[in-house]
Structures are given as structure tokens and as C-alpha cells.
1. Please compute the net charge surrounding residue 28, taking Lys and Arg as +1 and Asp and Glu as -1 over other residues with Cβ under 14 Å from its Cβ.
2. Residue 27's amide H: which non-local residues (gap 5+, or another chain) put their own amide H closer than 5 Å, with H modeled 1.01 Å from N in plane and none for Pro or chain starts?
3. Tell me the GluC sites (Glu not before Pro) within the chain that lie in a loop according to DSSP and have at most 10 other beta-carbon atoms within 10 Å.
4. Would you work out what percent of the accessible area of the chain, with all protein chains in place, is carbon or sulfur (probe 1.4 Å)?
5. Compute the FRET efficiency between residue 18 and residue 76 as 1/(1 + (r/R0)^6), taking r as their Cβ-Cβ distance and R0 = 25 Å, and round to the nearest 0.05.
6. Hey, could you pull the Cα Rg and Dmax for the chain, both in Å?
7. Using label points projected 7 Å from each Cα along Cα→Cβ, tell me how many nm separate residue 5 and residue 84, to one decimal.
8. Once R0 is set to 30 Å, what does the formula 1/(1 + (r/R0)^6) return for the Cβ-Cβ distance between residue 57 and residue 32, expressed as a FRET efficiency to the nearest 0.05?
Amino acid sequence: MVETFQKIGDALGLVWALFEDESGNLTLPALLFLAALALATAARCAYATLPARDAKLGGVVVIGSGMTLVFSLVGLYFLSQMVSVGFG
């Protein structure tokens, strides 16, 4: 069982090496992937609150909107990091 976890850890290390450069910073493809993932999650959160808006469930809408805001800000953060790495 320990060997299985070591193999999984080694595989994850190889995958992570594709997303990190020699200095330990994230690469442009990694930043693009993370930004797309965060913004797609924000869109899904916003879409999921639509039935609650129709049913006028204020608490659900507030929580869903908060989650949408957080994921949107994370996506924008990764986009800004991508711009700074691209031009920096």
C-alpha cells in the first residue's frame, strides 16, 4: 500500500513539474488552466443560483452569489498573474 502511494506521489510530482518552472513559479499554461477552471466554476455557481432566484430564496442566492464572487476573483487573480508573467 505504501508503494502505491509513493507511485501516486511520483506521478503527481511529474505532472506538477509541467506546471512549474525552475524558479518555482507557475508557468503560463498552468496559470491559464487555473484561471479557466476558476472562471468556469464561477459560471456554474451563477447558473446554479438561477432556480433560487426564480423561487425567491434570498439566502441561497446570497450564498451562491458569494461563491460566484470568490471564484471570479480567483480567476481574475490568475489572469493578472498570467499578464505579469507574460510581460514581466
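The values are calculated or read from the model by the stated rules, or taken from the named source; none is laboratory data. These figures come from a predicted structure and were not determined experimentally. Reconstructed Cβ throughout: ideal geometry from the backbone, glycine too, with neighbour counts over all protein chains shown. The area values use the complete protein model at the heavy-atom level, side chains included, leaving out ligands, DNA and RNA. Shrake-Rupley method; radii C 1.70, N 1.55, O 1.52, S 1.80 Å.
1. With Lys, Arg at +1 and Asp, Glu at -1, the neighbours total -2.
2. 20, 21
3. Hits after loop and neighbour filter: 22.
4. Carbon plus sulfur share of accessible area: 74 percent.
5. With a Förster radius of 25 Å, E is 0.55.
6. Cα radius of gyration and Dmax of the chain are 18.0, 53 Å respectively.
7. The two pseudo-label positions are separated by 3.6 nm.
8. Calculated transfer efficiency: 0.30.
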